[in-house]
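Have a look at the structure below, then the notes.
The values are calculated or read from the model by the stated rules, or taken from the named source; none is laboratory data. None of the values given here were measured: they were computed from a predicted structure. Reconstructed Cβ throughout: ideal geometry from the backbone, glycine too, with neighbour counts over all protein chains shown.
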Amino acid sequence: MLTSSAHRKLSITALALEAVPLQGQCPLAQLPRLADEAVQGLADGMVYFQALGSMREDAAGKSVPWLQLQGHVDIELVCQRCLEPVSTRVQFDREFRFVESEEAALAQDEDSQEDLLVISPQFDLLELVEDELLMALPVSPKHEKCPGDLKLSTADADFEAGAERPNPFAKLAQLKTPQS
Ligand SMILES: [Zn+2]
């Protein structure tokens, strides 16, 4: 497996020509912009990613590198309801096409479904993974049920169930009545 620093200096063309999935992982703490989003002291998770390069023909029939990139992390975010940490799975799955220059990227961006990146001899894959995870962060992370709410909501549920549904024992008692 490549070390984290090798993931920061990839040859995209070589990756695309190999067309073999590259699996990697990186401690969350090594992606400082993303780690900043985690609850302080709880940024000890791992980021996992998989990159698959390929060469595809563009509209002009020229072979250009593409990259399929997936990544995920389980990160402790601050719950916006109770302010306690909430473990959140953040993930993305995207495709990128490489172009030769910023100008080409700007010129083609509007017509393209896929995201465009400018090819560079030493491509920083970890930076792209970090960018994508930052964009995939939930705007307002929340517990499905906040830990502090559990008692209260259980009591509410019992109360509502009791009000709506007839007591099964009451029904049983009705059935028995004629026989007695
Ligand atoms: Zn909460």
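Before moving on, here are some points about what is shown:
- Residue in region 64-76 that is within 16 Å of the ligand (Cβ to nearest atom) and out of contact with any Pro (no Cβ under 6 Å at 6 or more places or on another chain) present: yes
- Test: residue in region 31-46 that is more than 17 Å from LEU137 (Cβ to Cβ) and either within 16 Å of the ligand (Cβ to nearest atom) or polar (S, T, N, Q) (or both): no
- Those residues of region 72-107 which are touching a Phe, Trp or Tyr at 6+ places or on another chain (Cβ under 6 Å) and among the charged types (D, E, K, R), in sequence order: ARG97
- Hits in region 106-115 (condition: modelled with pLDDT of 85 or more and either assigned to a loop (DSSP other than H, G, I, E, B) or farther than 13 Å from ASP58 by Cβ (or both)): LEU106, GLU114, ASP115
- Complete set of residues in region 115-136 that are under 25 Å from ARG89 (Cβ atoms) and surrounded by 15 or more Cβ atoms within 10 Å (Cβ to Cβ): ASP115, LEU125, LEU126, LEU128, VAL129, GLU130, ASP131, GLU132, LEU133, LEU134, ALA136
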